[in-house]
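Please read the structure below before turning to the comments.
What follows is calculated from the coordinates using simple rules that are stated; it is not laboratory data. It should be emphasised that the depicted structure is a prediction, and the values quoted were computed from it without experimental measurement. Cβ: placed from backbone, ideal geometry, glycine included. Neighbour counts: every protein chain shown.
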Amino acid sequence: MLFSILFCVCLITANILETKQISVLGISLTGGLLVFPVSYIINDCVCEVWGFRKARLLIWTGFAMNFFFVLLGAICDAIPGAPYWHNDAGFHAIFGLAPRVAAASFVAFIIGSFANAYVMSKMKIHDQGRHFSWRAILSTIAGESCDSIIFFPLALGGVVPWPDLPALMIWQVVLKTVYEVIALPVTIRVVKALKAHEGEDVYDNGVNYSIWKVFSI
């Protein structure tokens, strides 16, 4: 339950922070970089301890909560402000997601998150539970690559010059993966503690990997 709450909070927070463009060591990035990789770390932990089926439920729950947040933000943005309210432009900049950006974000999240969980699950079976660090990193690369390849062209193609998009996408994947590597010692300790506390270490032998089997837990 706590991981699900944190996962949803990370996704909603990332939506807000994405509205600010930041510069790190001269590299242009979005503010969502500060928190979005945490959702992949949580995905890794849940998939590692409880298996793909629980990760699938987590991903769809995150999607539903994020959609709910974006929908309410869009509705509030569309309602005329009070006569004394003079901050419509600022509110719209944060909550008035263009349909194109919102759709790209949702599609990229679903595909990227499931790619991460799938690679994590399959590698655990293949490695018989060994090499957690290796599969955590590779699953993040797979998920973040899918996310960036889908999101940036769909959401920002033509807004950001096309020749600049590949570099932006690559830097996003690289820095998010570095984020995962830096956090890996903590992730390993959390996973070990969870397995000991829960008494679970699920292997997804025979699991149906369809993303639509939401309630198959």
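Of the residues Ile141, Ile110, Ile149, Ile170, which single one is touching a helix residue (DSSP H, G or I) at 6+ places or on another chain (Cβ under 9 Å), exposed (fewer than 14 other Cβ atoms within 10 Å of the Cβ) and either within 28 Å of Ala64 (Cα to Cα) or not polar (S, T, N, Q) (or both)? Lay out the reasoning, then the answer.
Values: Ile141 fails: exposed (fewer than 14 other Cβ atoms within 10 Å of the Cβ); Ile110 fails: exposed (fewer than 14 other Cβ atoms within 10 Å of the Cβ); Ile149 fails: exposed (fewer than 14 other Cβ atoms within 10 Å of the Cβ).
Sole residue among the options that is touching a helix residue (DSSP H, G or I) at 6+ places or on another chain (Cβ under 9 Å), exposed (fewer than 14 other Cβ atoms within 10 Å of the Cβ) and either within 28 Å of Ala64 (Cα to Cα) or not polar (S, T, N, Q) (or both): Ile170.
Number of residues in region 11-40 that are crowded, with 21+ Cβ neighbours inside 10 Å and within 23 Å of Phe132 (Cα to Cα) equals 4.
Please report, ordered by residue number, the helices (runs of 4 or more DSSP H) entirely within region 1-103 with at least 1 residues that are within 19 Å of Thr187 (Cα to Cα).
Numbers: elements: 2-17, 36-50, 52-78, 88-95.
Because the criterion is at least 1 residues that are within 19 Å of Thr187 (Cα to Cα), the helices (runs of 4 or more DSSP H) in region 1-103 that meet it are 2-17, 36-50, 52-78.
The residues of region 189-217 that are within 25 Å of Leu34 (Cα to Cα) and surrounded by 14 or more Cβ atoms within 10 Å (Cβ to Cβ), listed by number, are Val190, Val191, Leu194. Look at region 8-25: where a residue is more than 14 Å from Gly96 (Cα to Cα) and a partner is among the β-branched types (Val, Ile, Thr), sitting 6+ places away or on another chain with Cβ atoms under 8 Å, you get Cys8/Thr61; Cys10/Val35; Cys10/Val38; Cys10/Ile42; Thr13/Val35; Ala14/Val35; Gln21/Thr30; Ile22/Thr30.
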